[in-house]
Amino acid sequence: MACISLILVRFVILVLAVVASLGVGAAAAVGKQDKFLAPVHPSCSTSGNYTDGSQFKKNLDELLAALPAAASRNDGFYIGTVGDSGSPDQVFTLIMCYADHDAAECLECLTGAPAGIMALCPGSRDVRAAYDACILRYSPVSPFASTADLEIPFYVKYTAPILVDPVAMARAWLPLMADLTGQAAGSLARAASGSTPYDASWRVFGLAQCTRNLNASECSRCLSSLVGKLPELFQNETGGAVKAYSCYVHYQIGPFEITLPPASEPPPQSSPKPGEASSSSRTRLLIGSSIGTVSFLIILVGVLVCLLVRRRQKHPITANKQAKGQEPEDGKFSDGDDPAMEDDFEKGTGPKRFRYVELAIATDNFSDEKKLGEGGFGSVYRGYLKESNLEVAIKRVSKGSKQGKKEYASEVTIISRLRHRNLVQLIGWCHGGGELLLVYELMPKGSLDTHLYGGKNAAVLPWPVRHEIVLGLGSALLYLHQEWEQCVLHRDIKPSNIMLDASFAAKLGDFGLARLVDHGRGSHTTVLAGTMGYMDPECMTTGRTSAESDVYSFGVVLLEIACGRRPLAVAEEEQMAHLAQRVWASYGVGRVLDAADARLEGEFDAEEVERVMVVGLWCAHPDRSLRPSIRQAVGVLRREQPLPTLPERMPVATFLYVPLLVDGSSSTLSTGVTGAGGSGSSGTDTTAEKSMSMRSNTVVDGQITGR
């Protein structure tokens, strides 16, 4: 009964608004508009303009005159058309009232909008116009499909005599607007409001709203796009609002009036008969004939709405699934795939298969606000699995690229079989809904690179934490190379793939480029893969990868952790120098600790730092035959073995490579070490050194992609 009472109150207000607006609409049709309301930066077409007296102009006038009444009848949202179907003179329109303005303000907006838009866009057939209280669009071809229009005509800044802490403000509005984005997308009204504490005295209130022609996914995408722009548009303000042609967000300290539309399906396009909008007698007849049945309709609609609300509360997944669209039941990886791959996926004993709709709900339909980062083959989102009460990281693999598909298959078939405390755990996978998705345990502290290179104001990662990360990474690589049933070549070891849990324990992730080889097989001929600066120079030249290639990458990461520097940097005379060259130069003169991260200010165990840097140089030796095995490297790091003695000057490797023969057999390969050039010496100008001139890029199948 409470639900029905609320609807009764709203209906009384609505009837009054309808009567008032119909009178306004009739007056507007028989005479000129009394109001003139100009939009902000309207979008007006300039080709194929109509002329005064044309049938298009007559249809447009009739349609615009009906807008105030249409808005009142349809809860502030309306899609309509006038004219013969399919004719060039047919006109379509879309209007919406913003929920932070009341019905009277919206009716005033729609009453004055036609005159204003006619003055600013004379003769235009395709118009988009946004006002403070409403939005108006019209076009000769229906542009109101379910694809969001993200163009922003204007935004509004709100200020109040309150001292705003930008950090505290962001902590308040960011989760609020992200939550409202998901709520609005999941609501049939495509709108949601709420509030959250800002400090002990104030709360931040927010509104998220989409045009109701959008499905849940497009509404989420539109709102996420606007929320993502809030930090750059508003810094010290007490609030802000951003309006796109398909959605709207508004937040501010302190309450503001919000009237959410009822949760109902958007009305279908309607075609008012000629003269209907301008006929006051027909309007009065319509009201008179309808008022007798109002009481029955109120009760009926009220009961139905209450039942719908209860049903939506009991079946949230069903509602979201209907809004999101159909999901293939078979979940095939893609057309034409090897059925054996499906069998391999299902064999995993640990990870489970998720349905697409579960992961879409967990990430608010993969909104930008949930995005944790983006790599070479996809984006990673933060998600919450309600049924498991578990926060996860969901990787959305770029399904458009062949390599992205390969990465997905590698991740599922390889990492799902691995079990080690220093490897990121794969929880599940999904290839339904046309998407390739991987679900991992969430690493609260993010990746190692964000802590090593977080900026001037970022906290410095203390040495004891760094040392534990080194040992954890070594333990993971030892497991992959020697302790599992096959040798797992990771092929992309770098700080951005080293994740940190809540206690800063290291876990190696991203096995998209990994390969399985038998123990003792030696080198493995493959396509070029990895990241510049971390790739074994010999592998870059020959295309042959091995466990020694991973050891090289491990050594570079050790040097990064100890020195706080990226592997590639511009040295004197604008030449690219590798970190190993710099550290080896200090090692050669007996001052290797001089290369330690200056931000540590000497607060570290000198023996530990020296071991990490010397082992790093040993692993990054240009000649792979002189590198240690991962077991030897870990033994030195754990102080189980003595430090190795390295040359005072960094050796320079040379490689002789003859391409593969026609029959696929490999030609002979010889490696060696020539000379001994120090940092910056001309002796380093070799093929291997020249290949290091690209920075922080990922190479796959011979192609370089940003990572």
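Determine the shape class of region 154-253: with a ≥ b ≥ c the square roots of the Cα gyration tensor eigenvalues, call it rounded for a/c under 1.5, and otherwise prolate if a/b is greater than b/c, oblate otherwise. Show your work: numbers first, answer last.
Numbers: a/c = 2.35, a/b = 1.74, b/c = 1.35.
Judged from the Cα gyration tensor, region 154-253 comes out prolate (a/c at least 1.5, a/b above b/c).
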field: Per-residue ³J(HN,Hα) for region 435-451, Karplus 6.51 cos²θ - 1.76 cosθ + 1.60, θ = phi - 60°, Hz, x for Gly and Pro
entry: 10, 10, 10, 10, 10, 10, 5, 7, 9, x, 8, x, 9, 4, 4, 5, 8
message: For a quick check: sort 79, 95 by the number of other beta carbons within 10 angstrom, fewest at the front.
response: 79, 95
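State the extension gain, in nm to one decimal, for the chain segment bounded by residue 456 and residue 49, taking 0.36 nm per residue of separation less the distance between their alpha-carbons.
Values: separation 407, 0.36 × 407 = 146.52 nm, distance 5.59 nm.
Going from the current span to full extension adds 140.9 nm.
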message: Quick check on packing: order 185-197, 242-254, 52-64 by the mean number of other C-beta atoms within 10 Å, highest mean leading.
response: 242-254, 185-197, 52-64
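What is the packing order of peptides 446-459, 109-122, taking the mean over residues of other C-beta atoms within 10 Å and listing the highest first? Each step should come with its number before you reach the end.
On the way: 446-459: 14.3, 109-122: 20.6.
Descending mean neighbour count gives 109-122, 446-459.
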task: Mind ranking 637-645, 464-472 by how tightly packed they are, going by the mean number of other C-beta atoms within 10 angstrom, highest first?
output: 464-472, 637-645
- prompt: Taking neighbour Cβ counts within 10 Å as the exposure measure, how do 554, 36 sort from fewest upward?
  reply: 36, 554
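Listing 603, 538 from the residue with the fewest other Cβ atoms within 10 Å to the one with the most, what is the order? Display every interim value, and only then the final one.
On the way: 603 10, 538 26.
By the 10 Å Cβ count, ascending, the order reads 603, 538.
What FRET efficiency would be calculated for the residue pair residue 85, residue 40, taking the C-beta separation as r and a Förster radius of 25 Å, to the nearest 0.05?
Details: r = 33 Å, r/R0 = 1.33.
E(calc), rounded to 0.05, equals 0.15.
Rule-based calculations on the coordinates, nothing more; no lab input. Being a predicted model, the structure only gives us computed values, none of them experimental. For neighbour counting, all protein chains shown are included, and Cβ atoms are generated from backbone atoms with ideal geometry for every residue, glycine included.
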